[in-house]
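Novice: I'd like to ask some things about the structure below.
The values are calculated or read from the model by the stated rules, or taken from the named source; none is laboratory data. What you see is a predicted model; the values in this text were computed from it and never measured. For neighbour counting, all protein chains shown are included, and Cβ atoms are generated from backbone atoms with ideal geometry for every residue, glycine included. Ligands, DNA and RNA are excluded from the accessible area calculation, which covers all protein heavy atoms including side chains. Shrake-Rupley method; radii C 1.70, N 1.55, O 1.52, S 1.80 Å.
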Amino acid sequence: MTTPDHQSPASRPVVPAARDRIYRSPMGIVGGVLVLALVVWLGCDALFRGHGRVPWLALAVMILVVPLVTAFTLRPAVFANQERLRVRNPFRVIVLPWGELATLRSGYSNEALATSGTKFQLWAIPVSLRARKRAANKRAKAAAQAARGAQGGNRFGMFGGDASVPDVSAGPARAESDKIMDDLRDLHERHGEAEHAQGEITTRWSYEILIPTLAGAVLLAVLLITG
């Protein structure tokens with residue numbers, strides 16, 4: 001007689017966790033790489049060619065500046081999946097379950113507002129007022145073209161003229177940062193009430209940035225005081 005095949009919990013296949021959507025600032029990364037390259041080039045030149053206290057000063061400045069540049073350009077990122085929003089800012093990492101998120105706001109900066117009232121700025125998604133202005137201009141031009149096309153169709157369409165109207169089915173033009181915020185709001189709306197999206201907000205200081213920055217600042221201060 002055969003018995004039903006009951007799998008033990010250990011033998012059941014593991015359901016893979018949802019992959020993160022990762023949002024970063026391309027311009028911030030490019031700018032950070034260029035600044036870091038310049039700092040390393042000048043610093044190494046002073047280290048190997050400088051005399052007296054110059055190499056030590058160059059070393060202290062590099063230990064101080066490299067982590068700071070990395071923190072504000074390469075490090076910021078936003079990770080989102082069905083369970084939570086993880087915000088990696090210059091000096092902190094914040095994990096926000098969707099259930100603890102009240103809203104996402106866009107103004108002169110993009111922010112996540114927790115149900116407790118605490119605000120967290122999204123450094124990885126900077127607001128570009130110029131990009132918003134360009135998007136607004138595109139929307140205005142598309143609306144004007146659609147209006148002209150509709151008038152032309154009403155006037156000449158019955159006589160065989162071109163009655164086509166510009167295709168605006170793709171939706172209104174939006175700045176890239178606003179599109180990202182729309183994606184995050186959509187995730188929040190779909191998973192905010194789900195059981196798997198509940199939990200507590202956690203915050204961790206980025207000691208891998210703070211410690212070398214503090215060490216560089218102390219070394220530079222000592223060199224300047226004793227100089």
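Novice: Please work out how much accessible surface Ser128 shows to a 1.4 Å probe, ignoring ligands, DNA and RNA, in Å² rounded to 10.
Specialist: Rounded to the nearest 10, the figure is 50 Å².
Novice: Right, another one. Provide the net charge surrounding His196, with neighbours chosen by a C-beta distance below 10 Å and charges set as Lys +1, Arg +1, Asp -1, Glu -1.
Specialist: Computed value for this residue: -1.
Novice: Here is a follow-up. Using a 1.4 Å probe, how large is the accessible area of Ile29, given in Å² and rounded to the nearest 10?
Specialist: Counting only protein heavy atoms, the figure is 50 Å².
Novice: Could the peptides 93-102, 48-57 be put in order, highest first, of the mean number of other beta-carbon atoms found within 10 Å of their residues?
Specialist: 93-102, 48-57
Novice: So what are the stretch 15-124's ellipsoid semi-axes, whole angstrom, largest first, if each one is the square root of 5 times an eigenvalue of the alpha-carbon gyration tensor?
Specialist: They are 38, 14, 12 Å, listed largest first.
Novice: Order of 115-125, 75-85 by packing, highest average Cβ count within 10 Å first?
Specialist: Descending mean neighbour count gives 75-85, 115-125.
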